[in-house]
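Heads up: the structure comes next, in structure tokens.
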Amino acid sequence: MSAKETLFSRFNNPIQSSEDLEMVVGKPMDNTIEKEVHHLDEICRDFIAASPFCLMATADPDGFIDISPKGDPEGFVQVLDDNLLAIPDRPGNRRADTFHNVMKDPRMGLIFFIPGKGETLRVNGEARIVQDEALCQSMAVKGKAPRLAVLLYVERAFMHCPKCMIRSHMWQPDAWTDSSAIPDIGTAIIKQAHLDTTLEKLTAEVEKQGGLDLY
């Protein structure tokens, strides 16, 4: 037995079939199935136009899932037509996991968030990466256009209920836990990559290489 399976085996009553699952959670109501649309209707368009943040999910050929956060001024994801979205690529850590995945498996999932709103919008489809100059220029912020954009052909979209936001108190600042003791990314990189450097030196090097640029 592998180390992974050994860990899983510590727990009783594994769910091993859809029938087992339905015995526990029940069957979905008809309206939760029927709410799914196969294009971007007015509700989807309005939600995306008001969203400054989304999560982008892709998978590599081995099936490992990557989820990448994307954020910009609200409406940064463009609705080009009823089935096509465009998402700008801003400067990041240059790992480009999403892009490498899309070139091997174009399937992609998005979840859009609007601050203060409980509902989220889930969108799935097939993606491509482009350098289209006109498209990228239309996504410029502070005079800086992205060098790449992701196109997503939308095949499924639906609104997700607000229960997770209600339970997590996501948009209630007075309920937030003090996170000041949680390490920042620089401290995490030094520790997790076993680097022999200081936070000040690492920050200076990252800044020199453009790693702190927003646009």
>> Give me the 1.4 Å probe accessible area per residue for segment 21-130, excluding ligands and nucleic acids, in Å².
In response: 58
> What full-extension length gain, to one decimal in nm, is calculated for Ala181 and Glu22 as 0.36 nm per residue of separation minus the Cα-Cα distance?
Replying inline: 53.1 nm
>> Can you tell me the length gained on complete extension of the stretch Asp132 to Ala96, counting 0.36 nm per residue apart and subtracting the Cα distance?
In response: 11.1 nm
> Of the residues Asp20, Asp178, Asp82, which exhibits the maximal mean-square fluctuation in a Gaussian network model of the chain defined by a 10 Å Cα contact cut-off?
Replying inline: Asp20
> Measuring from the lowest to the highest alpha carbon on each principal axis, how far does the chain reach, largest first, in angstroms?
Replying inline: 57, 47, 43
> Which of the trypsin sites (Lys or Arg not before Pro) found in segment 52-118 are in a DSSP loop and have at most 16 neighbouring Cβ atoms, other than their own, within 10 Å?
Replying inline: Arg94, Arg95, Lys117
> Of all the accessible heavy-atom surface of segment 134-179, with the other protein chains kept in place and a 1.4 Å probe, what percent is carbon and sulfur?
Replying inline: 58
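The values are calculated or read from the model by the stated rules, or taken from the named source; none is laboratory data. No experiment lies behind these values; they were computed from the predicted model shown. When we count neighbours, we look across all protein chains shown, and the Cβ atoms used for this are built from the backbone with ideal geometry, even at glycine. These accessible areas exclude ligands, DNA and RNA; they are computed on the full protein's heavy atoms, side chains included. Shrake-Rupley method; radii C 1.70, N 1.55, O 1.52, S 1.80 Å.
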